[in-house]
Amino acid sequence: MVPLSAYVAVSAVLFMTGLLGVLIRRNFIIVLMSVEIMMNAANINLVAFSHYLESMAGQLTALFFIAVAAGEAAVGLAIIIVVFRGKVSTNVDEMNVLKW
Amino acid sequence: MVAVFFAYFALVSIAAGVLTVSLKNPVHCGLALLALLMHVSGLFVLLNAEFLWAVQVIVYAGAILVLYLFVLMLLNLKADERYFHASYPYFLGPALLGACYVIFLLIRSPYAGVKGDVPDAAVLEHGDTYAVGIKMFSDHLLQFEIIGVFLLGAIIGAIVLAKTPKSIDSMNGKE
């Protein structure tokens, strides 16, 4: 029987990896992929607690998270395409039109 | 046996996550992300969540990842880009220290909570899909409807954002 803390530790490591990716990568698409890694870490946590606390609410929340992730990916990639059309770059350092 | 599978899925998903963050070519990053998603779905199977396993494979690996790969193909990125933040070694050290501390705390802490009303035997009796469906269409019906409206808004937003803008001349010519 795998203890709950093992799942929580795996999820924490994955979340840290995703956070590090958001912080150090400069390519917008990879930054979005790192956000997906963090969402997956949260999903592991939700499902693990749902299993160990014998409740269905965690699994349902994970399901809704996946739907939200799908919407987020679609809109994020559309934003990338719009920015790329104007600047021909996906480097997040160069996307500073709204900064003043 | 479950412990062996858990170790395999956990280690490979962590390795794939690190590869996703560290590889240079964005397409390779996408493929590493695919490996991550598949192994996370394996963890879901170990937790008796077969329905989420199917959703993870179909929606994440089948739809979202293909969307990413299509955008990568359309953009045709140049190889001479700067890949990491200029001062990334300074992020790396504190992040590793913080990760070690957080994992130490997580493994030591006792987990307890109010037990729900769906024990393992009840899930296994009719299957996970049945249990999820009963719960979703009774207690979480409003969230289900909201997610539907949200997805419609996301689709319309993505189409409107990514549409090729009309040139000003053609708009003037119409009027």
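What follows draws every value from the coordinates through simple rules; no lab data is involved. Just so it is clear, the structure is predicted and the values come from calculations on it, not from any experiment. Note that each Cβ is placed from the backbone with ideal geometry, even for glycine, and that neighbours are counted across all protein chains shown.
Taking a Cβ cut-off of under 12 Å around residue A:52, the surrounding Lys, Arg, Asp and Glu residues balance to a net charge of -1, with basic ones at +1 and acidic ones at -1.
The stretch between residue B:117 and residue B:24 holds 28.7 nm of extra length on full extension. This uses 0.36 nm per residue minus the Cα-Cα distance.
As an equivalent ellipsoid, the stretch A:4-88 spans semi-axes of 30, 16, 4 angstrom, where each value is the square root of five times an eigenvalue of the C-alpha gyration tensor, largest first.
Working note: Cα atoms of the protein assembly as shown, range along each principal axis, descending, whole Å: 69, 48, 32. Could you give the angle, 0 to 90 degrees to the nearest 10, between helix B:65-75's Cα long axis and the longest principal axis of the Cα atoms of chain B? For B:65-75 against chain B, the angle is about 20 degrees. In terms of its Cα atoms, the stretch B:93-148 spans 46, 31, 19 Å along the principal axes, sorted from long to short.
When the alpha carbon coordinates of the stretch B:1-117 are projected onto the principal axes, the ranges are 53, 37, 27 Å, largest first. Note on the stretch B:1-54 and the stretch B:107-167: Cα centroid distance 21 Å, given to the nearest whole angstrom.
The count of lysine pairs in the protein assembly as shown with alpha-carbon distances below 17 Å, taking only pairs 8 or more places apart or on different chains, stands at 6. When only Cα pairs below 8 angstrom with a gap of at least 6 residues are kept, chain A shows a relative contact order of 28 percent.
Axis of helix A:57-87 versus longest Cα principal axis of chain A: the two differ by about 10°, to the nearest ten degrees.
Which angle between 0 and 90 degrees, to the nearest 10, do you get for helix B:2-22 versus the longest principal axis of chain B when only C-alpha atoms count? Between helix and principal axis, roughly 20 degrees.
Across peptide B:107-113, the mean count of Cβ atoms from other chains lying within 10 Å of each residue's own Cβ comes to 4. As a rough footprinting exposure proxy, the listed residues B:166, A:99 were ranked by other beta carbons within 10 Å of their own, and the order from fewest upward is A:99, B:166.
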